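Following: one structure in structure tokens, then a few remarks.
Readers should treat all values here as calculations from the given coordinates under stated rules, not as data from a laboratory. Just so it is clear, the structure is predicted and the values come from calculations on it, not from any experiment. In this analysis, Cβ positions are derived from the backbone assuming ideal geometry, glycine residues included, and neighbour counts consider all displayed protein chains.
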């Protein structure tokens, strides 16, 4: 009886023989790894394996203090507080071109004719951005070029 | 169409494994009765072919007409609101021993730590590292004192009762290292021997200038665990908690109600959640399919004529009267992200609510209800 390695193999036939030749494997060179304690921004901790020799890693920006991942959190809402009316005065003088991008979106929603009803609140964030961009385009308020891609739903304000 | 009855009868032959697995008991009975009936009529008309041959019986048979349910049941939905676990589970002793052994084994299998890549010569971090390394003989902090390349490298197993592999001691060792202390408390005598380098230049000596205090992580057992507060979502952080409510009869069940008008189970479950627990909960109803069901037949086979009033929140519901032989309740899976139930203005007369783990649910609900519910609840 021929050993399995010398048995003739038929390439046309569906049955295939196992090939069990011994082959040389190089010894893997794996870097040295440590256990590290990761502390997230809300104080929660977990350990993981890493090549970094630091015992503790303190994360300052992660899912725990991101508005997208904590929609119910009041602390992370981006609400502008215009206590002394200085922002309003600035805008009266210099326009809205210097506003942060998030503020621009909020203002477009305020000026837009459509009211945000229950159904719209359930839409995803990207749909909302796309919707506002298209609405602004229609009413001719958005100056500058607007891409067709959904990402740039933010109007470009007064800047050229 | 002859294809449907043909395939149905092929499936209906009792020795078909596919039939037994995918068709429910009552439908199987109905189909086999019908096929037997049609085979019998075919036999009466012409010379009887064997009953098991589908082709022969299909030629003479009438198409199978699906009949509706003969008895009406009250259709109900119940959201199973759950808070998933916030912490990973504790390791058992085998896992701890295994992981400790694997980490010590890794010392000998991985490349040695390239310390000058991270801690340059002449920087203050360098003697710090050297001092800490002297104490524990290995760059790792979670395997205790173990020198893989020394004379005692063979001695990689720890004694029974050793706390080196425990999660708490690993975290404690990491924090002590961050504070600049050695991972284990050393006696005063050893500390003298541990210092390395030139004593005159102050190398290797630890000067007590500022004490770094790193805050320890909070315990996995919270205040709510200790006090047994079932209304808190902070209890049993490594388990799934389910919302149970006590209805007007005093029974503990998931919040439930009838399905009105043309709403589907998903919509019904959302409405029930709001009507029973208020709107101050950030919840998510997962999917349109139920995760379980509970059927209750009214005793002594007598139907109850129930007057169904229109529900204000369901636009398509109408007032009607229906004779019902029992209740069929479907459970819908939901998750809570934030908020708490508020039974202040609930429409069902609910008295109390609680967040309970699976075995605690067992303790509170009735036996037949538990039999329907237990397989859809998660152990952890």
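State the percent of C-alpha pairs, over all pairs in the range B:84-181, separated by a distance greater than 15 angstrom. Don't skip to the answer; put the middle values down first.
Values: 3195 of 4753 pairs.
The share of Cα pairs beyond 15 Å in the range B:84-181 comes to 67 percent.
Can you give the FRET efficiency to the nearest 0.05 for residue B:20 and residue A:18, using r as the Cβ-Cβ distance and R₀ = 30 Å?
Working: r = 37 Å, r/R0 = 1.24.
Efficiency for this residue pair is about 0.20.
Describe numerically, in nm with one decimal, the distance between label points set 7 Å from Cα along Cα→Cβ at residue B:130 and at residue A:63.
Going by the 7 Å Cα→Cβ label model, 4.4 nm.
Taking other Cβ within 10 Å of each residue's Cβ, how do B:352, B:324 sort, fewest first?
Numbers: B:352 14, B:324 19.
In order of increasing Cβ crowding within 10 Å: B:352, B:324.
Could you tell me how far the Cα centroid of the range B:130-174 sits from the Cα centroid of the range A:18-36, in Å?
If you average the Cα positions of each part, the centres end up 25 Å apart.
Please compute, for the alpha-carbon atoms of the range A:36-79, the extent along each of the three principal axes and give them in descending order in Å.
The Cα atoms of the range A:36-79 stretch 40, 14, 14 Å along their principal axes.
Under the classification rounded if a/c is under 1.5, otherwise prolate if a/b is larger than b/c and oblate if not, where does the range B:308-380 fall, given a ≥ b ≥ c as square roots of the Cα gyration tensor eigenvalues?
oblate
Taking neighbour Cβ counts within 10 Å as the exposure measure, how do B:337, B:332 sort from fewest upward?
The most exposed by this proxy come first: B:337, B:332.
Efficiency by 1/(1 + (r/R0)^6): what FRET value for residue B:116 and residue A:49, r their Cβ-Cβ distance, R0 = 35 Å, to the nearest 0.05?
Plugging the Cβ-Cβ distance into 1/(1 + (r/R0)^6) gives 0.95.
Regarding the range B:327-369, what's the average projected area of the Cα-atom convex hull, expressed in nm²?
4.5 nm²
Take the alpha-carbon centre of the range B:352-375, take the same for the range B:215-272, and report the distance between them in whole Å.
11 Å
Rounded, prolate or oblate, given the Cα gyration tensor of the range B:249-380, with a/c below 1.5 counting as rounded?
The shape class here is oblate.
Would you list A:94, B:325, B:330 from fewest to most Cβ contacts within 10 Å?
Lowest count first: A:94, B:325, B:330.
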